[in-house]
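First up is the structure itself, then whatever we jot down about it.
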Amino acid sequence: MGGGRRSSQTGDVQSWVTRLTTTHGLAASTSRTVFNTVNTVFRAAVRDRMIPHNPCAEAELPSVPRKKIVPLAVEQVRTLSERTS
């Protein structure tokens, strides 16, 4: 993330998460997956007392847009069924 030997801060993590979508062009869901992996590592480091706190703890993640599911109309299902039988 920041490189060097200084400790990672929440602001560093937040900047990194933002760059995942803006600079690297990752989808929000992919950014969340990458973040969750890093967060797991930091949580383990806190648990093992390697670091005093998890810098991911207060990071805000990009929202994942929900896709509206529109079911087929009855007539569309019938037509599809007829064409595939």
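The values are calculated or read from the model by the stated rules, or taken from the named source; none is laboratory data. Just so it is clear, the structure is predicted and the values come from calculations on it, not from any experiment. A quick note on method: Cβ atoms are made from the backbone with ideal geometry, for glycine too, and the neighbour counts reach across all protein chains shown. Surface accessibility is based on the protein's heavy atoms, side chains included, excluding ligands, DNA and RNA. Shrake-Rupley method; radii C 1.70, N 1.55, O 1.52, S 1.80 Å.
Considering only the range 8-16, I want to know if a residue exists there that is assigned to a loop (DSSP other than H, G, I, E, B) and at pLDDT below 95. Scanning the range 8-16 turns up at least one residue that is assigned to a loop (DSSP other than H, G, I, E, B) and at pLDDT below 95.
Of all the residues in the range 28-65, those that are within 16 Å of residue 18 (Cα to Cα) and charged (D, E, K, R) number 3.
Just one of (1) loosely packed, with under 10 Cβ neighbours inside 10 Å; (2) assigned to a helix (DSSP H, G or I) fails for residue 52. It is (2). Taking the numbered list (1) among the basic types (Lys, Arg); (2) assigned to a loop (DSSP other than H, G, I, E, B); (3) modelled with pLDDT of 95 or more in turn, residue 43 passes all entries but (2). Among the criteria (1) loosely packed, with under 11 Cβ neighbours inside 10 Å; (2) in a loop (DSSP other than H, G, I, E, B), the one residue 37 does not fulfil is (2).
Residue count for the range 55-85 under the criterion of being open to solvent by less than 100 Å² (accessible area, probe 1.4 Å), without any contact (Cβ under 8 Å) to a residue 12 or more places away in the chain and among the β-branched types (Val, Ile, Thr): the result is 3.
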